[in-house]
Structure formats: C-alpha cells, structure tokens
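To start, the structure under review is shown below, and the notes come after it.
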Amino acid sequence: MIILGIETSCDETAAAVLTGKTNKIEVLSNVIASSSLLQSKFGGIIPEQAAREQLKSIIPVIKEALDQAEVIPEKVDAIAVTYGPGLIGSLLVGVETAKTLSWIWNKPLIPVNHLLGHFYANWIGNSPKFPCIGLLVSGGHTDLVLFKNHSEYEYLGGTRDDAAGECFDKCARLMDLPYPGGPEISKNAQAGNPKAFKLPRPMINSKNFDFSFSGLKTAVSSLVEDKSLILNQKTDLCASIEQAIIDPLIKKTLLAAKKGRVKTVILGGGVSANKKLISEFKETIRNEKLNLDLFVPAAELCTDNAAMIAARAFFEKKTVDSEKLQANPSLGL
Ligand code: KG4
Ligand code: ZN
C-alpha cells in the first residue's frame, strides 16, 4: 500500500510518500516547503500571503516527494489530504489539488483531520498500544484526548484561551524574539534559571483537564514594560516562561493517564519538539514510578508535515467522493 499525503493547513506546503502494512509504516519521502522565513519578517502568519506561496509550491513539492520516493503516480494506492482545521485559503490549496489528482489519476481520496494527523506521527516507526492518552500541543491547539482504538477517542479537555505554542509565540514577540517563538525561547532558556521569575500557572491544580495560558502572556507583558529586563535577564525570563508552560502540560497529562488507567502517553504538535518538555516528562514518570510508555515523534515530525497525514490514513481508510470533499477551517476533534 502506497499513500501520497498532502498537508497545507497553515504556512507549510508538504507532501510525503509512505508505504506499509497495517502496523509497519515506512517514510519513502517527506518534503516540506515553508514560508516561515517570510512570516518571521512580519512576526507571524499573514494568511493570504501563506496561501499565495502554497499555490506556487504545491505541484513542485508533490513532484519532489514522488521523485524522492521513486514512485510513479500509477503506483500510488491512495491520496490523503488535510481538510481541516486551519486557514481556509491554505487548506483549499491542498484539498483542491488532492481532489484534482484523485480525479485525473483515478485514485481514492482519504480526508484527514490535521489534529489526528499530529498524533499519528507516533505510528511512524513505532506502534503505541491502546488505550492511550494523547497530548496535542501546537500553535493553535492544546488538547488532551483518550484514544480507545484507531477510530474511538474521547476529548478530555483543552485550552480555554491561548494554545501552548501560541503562548510561546506571543511571549517571544513581547521579548522581540523572531517567529516562531517556541524554538527561540527554548534556545535562550538553556542558559537561564527557570525559577528566576515567578510566573502564573493558571488551572494547574484544577481537577479537570483544561488549560489556560493567557494569564502567563499578560504577566510577561507587564514584566517587559521594563525594557532593560529583556537586555539583562533574557535567558532567565525565557527559562521561566518555558517552565511555566511545561508544568501544567505534564501535570494534567499524567493526571489523565492515571485516571484513565492507561499505560501509554503519546505527544504531538510543534511544542512536543521541546527538549525540556520531553526530558521533564521522562523524569516525572521515573520519579513517580509510573508504569508508562511515552512516545514522542522525531522532531521533524512534531511540526506540520505530510508524513503524519499519510500515516493517519493507513489506519482510517475512509474514502470520500472527490467532488464532495470540502475544506473545513474549524474542524474539531
Ligand atoms: O504543529 P505546528 O507546526 O503547527 C500547528 O499546527 O500549529 O506547531 C507550531 C508551534 C509554534 O507555536 C512554535 O512556536 C511551536 O510549535 N514550537 C515549539 C518548538 N518548536 C516549535 N515550541 C516550543 N519548543 C520548540 N522546540
Ligand atoms: Zn499542526
């Protein structure tokens, strides 16, 4: 079975070719063209500009993915595409291209929810056991999900305001650091003291599985009114921000794992590339002697990519008539 995956929900244009049987998936190619360099100039994503860049690169990216995989269109068994959530102009580029290819190549079309795709990066090279708790931490989402199997899952909770990645990005912007802010804050944090600033961790002790990060951004905004602080204590502030984002993520995820009596935790989304988050998760699991397997995708599969979209399609092969597929920018879990 060979699946061509296409992902264009945000500022990336991505295509990947995957092969495999039910439980063993191999990536033959994973190509990503990002306009993030352009976005970093403006401190964030300008939706129309992202879509225009994607229109230019979608065909070359798909062609490159097929060439690298040494797969001709006749050999593709199905096309998987992200149909939501995301920016409408961006989603349309991927969805309409996939519909056209499905029609002219006469291949089945599998629509994939981008959020589920992030979790399925864990099935590339691994096979996590069910039931499992999934933590999705990206630029637009912070969600906890209980997976019973590949088709049954239950949403447990999520952010009430900003997403974890959004909080990294907004704090970075307040500190005049470039976009995307997560990797920048993380890089600076390495040399800093995470206890230097006492920052809020709203909802960390609440008994539900919800999160809130907007109070942290507000606290950072008042701190940096004193511009000398950015100059003199940049690394300490970055380390304190990173810690304040990580703490509730670990606490609530492990609470969900204990409550759901699961033995597996899977992470996904751009923020799960954060090294401190991963090491603290492992450390807490060890210290609390929890019998838990933690799965984290390879760093390049944490952020948006098409391999994760094709991976999800291996397990949920629900096809759709290419004429009927519509992009859905507000698709949920
Ligand atoms: O999953 P993703 O690529 O796109 C969305 O679907 O949103 O996530 C992007 C987010 C951005 O907010 C970025 O700042 C954050 O992931 N991010 C990180 C790291 N790498 C990316 N946050 C913290 N540490 C990182 N190493
Ligand atoms: Zn994403």
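The values are calculated or read from the model by the stated rules, or taken from the named source; none is laboratory data. Treat the numbers as computed from the prediction; the structure is a model and nothing was measured. So basically every Cβ, Gly included, is an ideal-geometry build from the backbone, and we count neighbours across all protein chains shown. These area figures cover heavy atoms from the full protein model, side chains too; ligands, DNA and RNA do not enter into them. Shrake-Rupley method; radii C 1.70, N 1.55, O 1.52, S 1.80 Å.
Quick notes on this structure:
- Hits in the range 257-281 (condition: within 13 Å of ligand 1 (Cβ to nearest atom), open to solvent by less than 10 Å² (accessible area, probe 1.4 Å) and in contact with a strand residue (DSSP E or B) (Cβ under 6 Å, 6 or more places away or on another chain)): 267, 268, 269, 272
- For the range 38-48, the criterion of being under 19 Å from the mean Cα position of the chain (by Cα) and modelled with pLDDT of 90 or more is satisfied by no residue at all.
- Every condition in (1) in a helix (DSSP H, G or I); (2) closer than 16 Å to residue 114 by Cα; (3) among the charged types (D, E, K, R) holds for residue 304 except the one numbered (1).
- Flag: residue 218 does not match the condition of being open to solvent by 40 Å² or more (accessible area, probe 1.4 Å), β-branched (Val, Ile, Thr), over 22 Å from residue 156 (Cβ atoms) and touching a residue at least 24 places away in the same chain (Cβ under 8 Å).
- Considering the range 317-333, and only residues there that are over 19 Å from the mean Cα position of the chain (by Cα) and open to solvent by less than 80 Å² (accessible area, probe 1.4 Å), the residue that is nearest to residue 82 (Cα to Cα) turns out to be 325.
- Among (1) in contact with a Phe, Trp or Tyr (Cβ under 9 Å, 6 or more places away or on another chain); (2) within 16 Å of ligand 2 (Cβ to nearest atom) - the single one residue 109 does not satisfy: (2)
- Consider the range 232-252 and keep the residues that are more than 15 Å from residue 274 (Cβ to Cβ) and open to solvent by 20 Å² or more (accessible area, probe 1.4 Å). The one that is farthest from ligand 1 (Cβ to nearest atom) is 232.
- For residue 162, the requirement of being under 24 Å from residue 46 (Cα atoms), part of a loop (DSSP other than H, G, I, E, B), within 21 Å of the chain's Cα centre (by Cα) and not polar (S, T, N, Q) is met.
- Residue check for residue 91: within 16 Å of ligand 2 (Cβ to nearest atom), open to solvent by less than 10 Å² (accessible area, probe 1.4 Å) and under 30 Å from residue 255 (Cβ atoms): no
Yes/no matrix, rows are residues, columns are (1) away from ligand 1 (no atom under 14 Å from the Cβ); (2) at pLDDT below 95:
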{"site": "132", "(1), (2)": "yes, no"}
{"site": "136", "(1), (2)": "no, no"}
{"site": "140", "(1), (2)": "no, yes"}
{"site": "186", "(1), (2)": "no, no"}
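- Just one residue in the set 229, 174 is open to solvent by less than 40 Å² (accessible area, probe 1.4 Å) and farther than 20 Å from residue 277 by Cα; that residue is 229.
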